[in-house]
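*Asks:* Mind having a look at this structure? Questions to follow.
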Amino acid sequence: MKYDYLVVGAGLFGAVFARRAADVGKKVLVIEKRSHIAGNIYTEKIEGIDFHKYGAHIFHTNNELVWEFLNKYIKFNCFINSPVANYNGEVFSLPFNMYTFNKMWGVVTPQEAMRKIEEQKASANISNITNLEEQAISLVGVDIYEKLIKGYTQKQWGRPCTELPSFIIKRLPVRFTFDNNYFNAVYQGIPIGGYTKLVENLLQGIEVKLNVDYLENKESFDCITDKIVYTGSIDAFFNYKLGALEYRSVRFENELLDIPNFQGNAAVNYTDINTPYTRIIEHKWFTFGKDECGNEIPKTIISKEYSSEWHLGDEPYYPINDEKNNMLYKGYKKLADKETNIYFGGRLGEYKYFDMDQVVASALQFADLELN
Ligand code: UDP
């Protein structure tokens, strides 16, 4: 065999595993269907701005091993995510914190805020949490749910909050402090030079072939390698024989503007139901408006994000980990477990709504098991 491992997909999972395998002397080939590495964390330099082509990615983790591992390949800046919510022109601080409660109700102390939420929760009369709406009202009350969650979530997931699992909203912190750091994470930031550079550094010295579709050339690839690490969609691998897993997709409307500042923040969420996009990302603020040499960037790029229904053949973004799809995934997982010498990993391979650090942790864990 020419290779010990064929890694299908040059995203974060594939790149981390390939690095670990190459470091213990394995012969690795990485193939990628797209014309570039880095999967959905790909960033492209435009006018000195690291443009997050497949949507904004903000690295955050509490996992020391993951943080230390990545820091061997790139330095991170100290960007802290503090999105702003715009509800019909009224702006609120996110995640839900004392600034939000103050703006919403005029309350000043944590006790007042808690009382307000308790009152609203009591009048909503929720005894048992079965969906996202009930979960959200229990956490922050009806007003915040109506103005900051309901419309945004419905736009993002294309279905009402009453039909969505409650865990989605639990991703967001609720704080009774004046702290608008979006993530409850010790380590946080954006790779200096962009995510593409991080993946490039991970893949240093490893053979990578772009514009190659594994599934279309399966037989020829299978006979040049001992083992395969497949990070594409698990249902596509099995030719959708149990049915197609569902995703949410995102469409971006990008504009390069000849002004230095469009919205004064990296992310502004439009939380009303009528604005057709969910949020606007202004990419330059992920690097504080400066390029890699520390110069102020004179222009700006904004991306309006439209969440969309996913159809077979579209770019899959968010796995919909509801009961129906999780069951279907279980079916595919059973088939995958029967395969010999092929492993499935990453957001698409494991059909999981993963954050980046979870992807890295999962790749490192797999590498430890597989390579030791
Ligand atoms: N969310 C919301 N209003 C906001 C931001 C988020 O209701 O302004 C909800 C929404 O349901 C979303 C969930 O919180 O799906 C998780 O948000 P997060 O920012 O983690 O989503 P991501 O884009 O990272 O998947």
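*Asks:* Taking the stated definitions as given, is THR177 within 16 Å of the ligand (Cβ to nearest atom) and among the β-branched types (Val, Ile, Thr)?
*Replies:* No; evaluated as a whole, the condition is false for this residue.
*Asks:* Given the range 257-352, what strands (runs of 3 or more DSSP E) lie entirely inside it while holding 3 or more residues that are open to solvent by 30 Å² or more (accessible area, probe 1.4 Å)?
*Replies:* 300-309
One line per residue, one yes/no per condition, for (1) more than 28 Å from ASP258 (Cα to Cα); (2) in contact (Cβ under 8 Å) with a residue 40 or more places away in the chain; (3) crowded, with 24+ Cβ neighbours inside 10 Å:
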| position | (1), (2), (3) |
| --- | --- |
| ALA10 | yes, yes, yes |
| GLY25 | yes, no, no |
| ARG34 | yes, yes, no |
| ASN40 | no, yes, no |
| THR43 | no, yes, yes |
| GLU47 | no, yes, no |
| ALA56 | no, yes, no |
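*Asks:* Could you check, for the range 190-209, whether at least one of its residues is under 15 Å from HIS36 (Cβ atoms) and within 16 Å of the ligand (Cβ to nearest atom)?
*Replies:* yes
*Asks:* Identify all residues within the range 183-215 that are over 27 Å from PHE238 (Cβ atoms), surrounded by fewer than 19 Cβ atoms within 10 Å (Cβ to Cβ) and touching a Lys or Arg at 6+ places or on another chain (Cβ under 6 Å); write none if there are none.
*Replies:* Scanning the range 183-215 gives a single hit, ILE192.
*Asks:* Among the residues in the range 68-80, are any closer than 22 Å to GLY264 by Cβ, surrounded by 20 or more Cβ atoms within 10 Å (Cβ to Cβ) and of a type outside the set (Asp, Glu)?
*Replies:* Among the residues of the range 68-80, not one is closer than 22 Å to GLY264 by Cβ, surrounded by 20 or more Cβ atoms within 10 Å (Cβ to Cβ) and of a type outside the set (Asp, Glu), which makes the answer no.
*Asks:* In addition: Go through (1) of a type in the set (Ser, Thr, Tyr); (2) at pLDDT below 95; (3) farther than 30 Å from HIS311 by Cβ and name the single condition TYR87 misses.
*Replies:* Checking TYR87 against (1) of a type in the set (Ser, Thr, Tyr); (2) at pLDDT below 95; (3) farther than 30 Å from HIS311 by Cβ, the one that fails is (2).
*Asks:* Residues GLU133, GLU90: which one is of a type outside the set (S, T, N, Q), more than 10 Å from the ligand (Cβ to nearest atom) and loosely packed, with under 14 Cβ neighbours inside 10 Å?
*Replies:* GLU90
*Asks:* Please tell me if LYS147 is of a type in the set (D, E, K, R), within 11 Å of the ligand (Cβ to nearest atom), under 19 Å from GLU119 (Cβ atoms) and assigned to a helix (DSSP H, G or I).
*Replies:* yes
*Asks:* OK, next. Going by what's in this entry, would LYS218 be described as without any contact (Cβ under 8 Å) to a residue 60 or more places away in the chain and open to solvent by 50 Å² or more (accessible area, probe 1.4 Å)?
*Replies:* yes
*Asks:* Only one of (1) surrounded by 15 or more Cβ atoms within 10 Å (Cβ to Cβ); (2) touching an Asp or Glu at 6+ places or on another chain (Cβ under 7 Å) is not met by LEU371, so which one is it?
*Replies:* (2)
*Asks:* Follow-up. Could you give every pair whose Cβ atoms fall below 8 Å, whose first residue belongs to the range 141-167 and is more than 22 Å from ASN325 (Cβ to Cβ), and whose second residue is of a type in the set (Lys, Arg) and away from the ligand (no atom under 11 Å from the Cβ), counting only separations of at least 6 or pairs across chains?
*Replies:* Close Cβ pairs satisfying both conditions: GLY141/LYS116; GLY141/LYS121.
*Asks:* OK, next. Just to be sure, is PHE79 within 16 Å of the ligand (Cβ to nearest atom) and farther than 21 Å from GLN263 by Cα?
*Replies:* No, not satisfied.
*Asks:* How many residues are under 26 Å from LYS75 (Cα atoms) and out of contact with any Lys or Arg (no Cβ under 7 Å at 6 or more places or on another chain) when one looks only at the range 263-300?
*Replies:* The qualifying residues number 20.
*Asks:* Just to be sure, is PHE59 in contact with a Phe, Trp or Tyr (Cβ under 7 Å, 6 or more places away or on another chain) and within 16 Å of the ligand (Cβ to nearest atom)?
*Replies:* yes
*Asks:* Report yes if SER127 is assigned to a helix (DSSP H, G or I) and open to solvent by 20 Å² or more (accessible area, probe 1.4 Å), otherwise no.
*Replies:* For SER127, the condition - assigned to a helix (DSSP H, G or I) and open to solvent by 20 Å² or more (accessible area, probe 1.4 Å) - is not met.
*Asks:* A further question on this structure: What residue, among those in the range 242-256 that are away from the ligand (no atom under 16 Å from the Cβ) and not in a loop (DSSP other than H, G, I, E, B), is farthest from LEU164 (Cα to Cα)?
*Replies:* Here the answer is LEU256.
*Asks:* Here is a follow-up. Which is closer than 25 Å to LYS227 by Cα, in contact with a strand residue (DSSP E or B) (Cβ under 8 Å, 6 or more places away or on another chain) and open to solvent by 10 Å² or more (accessible area, probe 1.4 Å), of MET1, MET104?
*Replies:* Of the residues listed, the single one that is closer than 25 Å to LYS227 by Cα, in contact with a strand residue (DSSP E or B) (Cβ under 8 Å, 6 or more places away or on another chain) and open to solvent by 10 Å² or more (accessible area, probe 1.4 Å) is MET1.
The values are calculated or read from the model by the stated rules, or taken from the named source; none is laboratory data. Note that the structure is a prediction, hence the values are computed from the model and not measured. Note: ideal-geometry Cβ built from the backbone for every residue, glycine included; neighbour counts use all protein chains shown. The protein model used for the area step is the full one, side chains on, heavy atoms only, and it has no ligands, DNA or RNA in it. Shrake-Rupley method; radii C 1.70, N 1.55, O 1.52, S 1.80 Å.
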